[in-house]
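Everything on this sheet refers to the single structure shown next.
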Amino acid sequence: MENVDPCRRFIKDVKRIIIKVGTAVVTRQDGRLAVGKLGALCEQIKELNSLGYEVILVSSGAVGLGRQRLRYRKLINSSFADLQKPQVELDGKACAAVGQNSFMALYDALFSQLDVTSAQLLVTDNDFRDRDFRKQLSETVKSLLALNVIPIFNENDAVSTRKAPYEVCYFTWLTSYQSST
């Protein structure tokens with residue numbers, strides 16, 4: 001901890017760290033995934049974990065990855081005539097469903113290279129209105145952390161009823177969970 005930025009010295013006094021990475025962090029300017037950044041993030045999380053910190057990752061980016069994959073698939077399967085027609089915007093929920101699978105596969109591959117196990121926790125805003133759900137989620141997170149597994153939270157945009165799933169309510173819950181344990 002001697003080489004730590006002075007602004008981050010407080011970290012020695014905590015047990016659990018919640019890292020929130022948004023779409024701007026996990027993607028490049030051209031909209032593709034920033035695989036190098038994600039790899040570096042996974043390495044930093046492993047380092048924190050090996051220093052004894054419990055780490056929870058809250059990650060965005062599944063919708064963008066799904067959109068990228070679906071556009072590519074559509075392009076590959078299109079004729080020249082199809083490309084001349086106006087392009088229909090892809091449904092964000094379908095993009096989320098496709099992207100979430102790919103996103104977790106990438107996190108799994110990156111963490112596996114570091115001998116770290118991760119777990120996916122998909123939640124929606126409505127989930128947190130249910131007291132029993134919150135209790136069960138808390139127990140699951142505690143179990144994962146006790147096993148040195150990195151919980152990766154993401155909003156389940158594929159089934160979320162919110163129009164703009166950008167107000168991350170579960171991050172607020174995680175913050176309160178962090179301070180209560």
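At a glance:
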quantity	calculated
Test: residue in region 160-169 that is farther than 24 Å from A105 by Cα, at pLDDT below 95 and within 16 Å of the chain's Cα centre (by Cα)	yes
Residue in region 52-68 that is over 27 Å from N156 (Cβ atoms), surrounded by fewer than 12 Cβ atoms within 10 Å (Cβ to Cβ) and modelled with pLDDT of 90 or more present	yes
Hits in region 3-21 - residues which are at pLDDT 70 or above and either of a type in the set (K, R) or in a strand (DSSP E or B) (or both)	K12, K15, R16, I17, I18, I19, K20, V21
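The values are calculated or read from the model by the stated rules, or taken from the named source; none is laboratory data. Values in this document were obtained by computation on a predicted structure and should not be read as measured data. So basically every Cβ, Gly included, is an ideal-geometry build from the backbone, and we count neighbours across all protein chains shown.
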